[in-house]
Amino acid sequence: MQPTRRDLSFDLPAERILDWHGDGPAVTAFINALSVSFPEGERFFIHSVRQFRDQITDPAMKKAVTAFIGQEAMHGREHERWNDAIFASAPDTRAINERLNRRVARWKRYLPRSTQLAMTVGAEHVTAVLGDFMLRNTAFLEGHGAAKSVPGYVALLRWHGLEETEHKAVAFDVWRQVMAGKPRAYFERSFGLLFMLYAYWSDIGDLIRASLKEQDVDHHQEIQTLRHFLYGKDGVFRNLAGPLLRYFKPGFHPWQDDNRDLLAQLAEFDQKIAA
């Protein structure tokens with residue numbers, strides 16, 4: 001699977017930044033919190049893969065790595081535009097983002113290169129399974145009721161999810177090549193996913209609270225809506241548990257879940273570029 005870099009821009013009305021999702025402000029705040037984490041995370045992924053670029057000898061893999069870097073750079077750029085609106089409307093989120101960025105800078109400075117790559121491989125699995133879920137469950141993007149989400153935000157998330165699917169094995173394949181035959185490879189890869197889940201979760205909660213603080217809404221009701229969105233029968237976490245756990249199989253590879261049928265949707269975005 002060869003990824004393709006797509007240079008796209010989306011209509012993100014700033015006046016709707018805190019309530020663009022059809023399910024209301026708390027669900028909006030949750031997805032906004034993910035967006036805040038993306039740009040520095042994308043730069044970390046690029047950094048961790050690029051450190052091993054000189055060890056990649058296969059031409060096809062080199063090409064895939066170049067496209068992976070290009071896609072992640074575009075994702076980071078668009079989410080920075082999204083995040084600027086968040087910071088302007090909920091100023092406390094900026095300090096939380098700066099805290100997150102300082103943490104990532106410490107990872108780059110102090111962690112072994114292989115651990116950084118393991119964290120990237122783990123995070124790429126999270127974004128891949130989340131992307132698959134949101135692309136197959138329209139309520140994740142559009143909401144569960146009569147109110148509909150703002151189209152520009154939905155389109156950006158669909159594009160991001162599709163490209164995460166398209167390049168979901170690139171960092172893993174780099175890992176598999178550079179760590180081949182090393183006894184610690186499985187354990188370090190497993191640690192990478194667990195560490196990334198732990199490291200980001202407190203920031204997500206703080207960002208949600210900072211966003212809701214700026215709005216005159218029934219916070220208790222909003223949090224109940226978010227809990228249902230995350231933990232209900234069709235909730236995000238309830239449905240991601242199985243796909244996330246498959247990562248810990250010793251013989252795991254991302255394309256064991258062959259969901260390339262979703263990539264037909266990329267034609268819509270490719271047509272926009274052609275136009």
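The values are calculated or read from the model by the stated rules, or taken from the named source; none is laboratory data. Note that the structure is predicted; figures quoted are calculated from it, not measured. For neighbour counting, all protein chains shown are included, and Cβ atoms are generated from backbone atoms with ideal geometry for every residue, glycine included. Side chains are part of the model used for accessible areas, which takes the heavy atoms of the whole protein and leaves out ligands, DNA and RNA. Shrake-Rupley method; radii C 1.70, N 1.55, O 1.52, S 1.80 Å.
Rundown of residues vs (1) over 30 Å from Val217 (Cα atoms); (2) of a type in the set (Asp, Glu); (3) in a loop (DSSP other than H, G, I, E, B), yes/no style:
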site	(1), (2), (3)
Thr4	yes, no, yes
Leu8	yes, no, yes
Trp20	no, no, yes
Asp23	no, yes, yes
Ala29	no, no, no
Ala33	no, no, no
Glu40	yes, yes, no
Ile46	yes, no, no
Ala60	yes, no, no
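Among (1) modelled with pLDDT under 95; (2) buried (at least 21 other Cβ atoms within 10 Å of the Cβ), there is one condition Thr93 misses while meeting the rest; what is its number? Only one criterion in (1) modelled with pLDDT under 95; (2) buried (at least 21 other Cβ atoms within 10 Å of the Cβ) is unmet by Thr93, namely (1).
Okay, residues lined up against (1) closer than 16 Å to Arg246 by Cα; (2) out of contact with any Leu (no Cβ under 6 Å at 6 or more places or on another chain):
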site: Arg106; (1), (2): no, yes
site: Leu111; (1), (2): no, yes
site: Gln116; (1), (2): no, yes
site: Ala123; (1), (2): yes, yes
site: Val129; (1), (2): yes, no
site: Thr138; (1), (2): no, yes
site: Ala147; (1), (2): no, yes
site: Val150; (1), (2): no, yes
site: His160; (1), (2): no, yes
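Report yes if some residue within the stretch 8-23 is polar (S, T, N, Q), more than 14 Å from Leu207 (Cα to Cα), free of Cβ contacts under 8 Å to residues at least 40 places away in the same chain and open to solvent by 10 Å² or more (accessible area, probe 1.4 Å); otherwise report no. Within the stretch 8-23, none of the residues are polar (S, T, N, Q), more than 14 Å from Leu207 (Cα to Cα), free of Cβ contacts under 8 Å to residues at least 40 places away in the same chain and open to solvent by 10 Å² or more (accessible area, probe 1.4 Å). A count restricted to the stretch 194-220 and to residues that are among the small types (Gly, Ala, Ser) and buried (at least 17 other Cβ atoms within 10 Å of the Cβ) stands at 2. Taking the stretch 51-76 as the region of interest, how many residues are exposed (fewer than 15 other Cβ atoms within 10 Å of the Cβ) and either touching a Pro at 6+ places or on another chain (Cβ under 8 Å) or under 24 Å from Tyr110 (Cα atoms) (or both)? Number of matching residues: 3. Asn32 meets the stated requirement of being closer than 25 Å to His144 by Cα and under 19 Å from the mean Cα position of the chain (by Cα).
Would you tally the residues in the stretch 134-185 being part of a loop (DSSP other than H, G, I, E, B) and of a type in the set (D, E, K, R)? Total meeting the criteria: 4. Within the stretch 166-177, the presence of at least one residue that is over 21 Å from the mean Cα position of the chain (by Cα), under 22 Å from Ala118 (Cβ atoms) and either open to solvent by 20 Å² or more (accessible area, probe 1.4 Å) or touching a residue at least 40 places away in the same chain (Cβ under 8 Å) (or both) is confirmed. Restricting the stretch 221-252 to residues that are assigned to a loop (DSSP other than H, G, I, E, B) and within 19 Å of Ala26 (Cβ to Cβ) leaves a set whose member that is most open to solvent (accessible area, probe 1.4 Å) is Lys233.
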